[in-house]
Amino acid sequence: MPITTSKFFLKDYAVPISIGIHDFEKTRRQTVIINIEMYLENPTTQQGDSIDNTINYDFLRSEIEILTKQRHFNLQETLCEEIIKIIIGKNLFSKIIVSTSKPDIYKDCKTVGFEMIYEK
């Protein structure tokens, strides 16, 4: 049975980030929930059961941690774009979907967010 696409994902990764345009957002870090989907076209399934033959999620988490500790982001759009650039650097995926959301902004809704889609 040929497999045409594989999807790797990181769901609900909660990261403290300096983000936002309002003064109160610039004085303290706030939790941002990050979701990522990465699509691999025509994956090779006969590679064996070894971490060397797949995507190691550690790279993604550690790169995001480095990115978010280095600077303040005014916009979720910029954060999504920077995460996509990290993943594009691996040169593996045909489609990448990154979304971010800020759950602590408004009391009358669960979250506010943004999603960006990259396709080769």
(message) Residues to consider are Ser94, Ser18; find the one that is in contact with a His (Cβ under 7 Å, 6 or more places away or on another chain), modelled with pLDDT of 90 or more and surrounded by 13 or more Cβ atoms within 10 Å (Cβ to Cβ).
(response) Ser18
(request) Hey, can you tell me all the residues within the stretch 1-45 that are more than 19 Å from Ile87 (Cβ to Cβ) and among the charged types (D, E, K, R)? (result) Asp23, Glu25, Lys26, Arg28, Arg29
(request) Would you please list the contacts, defined by Cβ atoms under 6 Å and residues six or more apart or on different chains, that run from a residue in the stretch 91-120 that is aromatic (Phe, Trp, Tyr) to a residue that is open to solvent by 50 Å² or more (accessible area, probe 1.4 Å)? (result) Phe114/Glu77
(request) Look at Phe59 and say whether it is part of a helix (DSSP H, G or I), surrounded by 10 or more Cβ atoms within 10 Å (Cβ to Cβ) and at pLDDT below 90. (result) yes
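The values are calculated or read from the model by the stated rules, or taken from the named source; none is laboratory data. Remember, it's a predicted structure, so these values are computed and weren't measured experimentally. In this analysis, Cβ positions are derived from the backbone assuming ideal geometry, glycine residues included, and neighbour counts consider all displayed protein chains. Side chains are part of the model used for accessible areas, which takes the heavy atoms of the whole protein and leaves out ligands, DNA and RNA. Shrake-Rupley method; radii C 1.70, N 1.55, O 1.52, S 1.80 Å.
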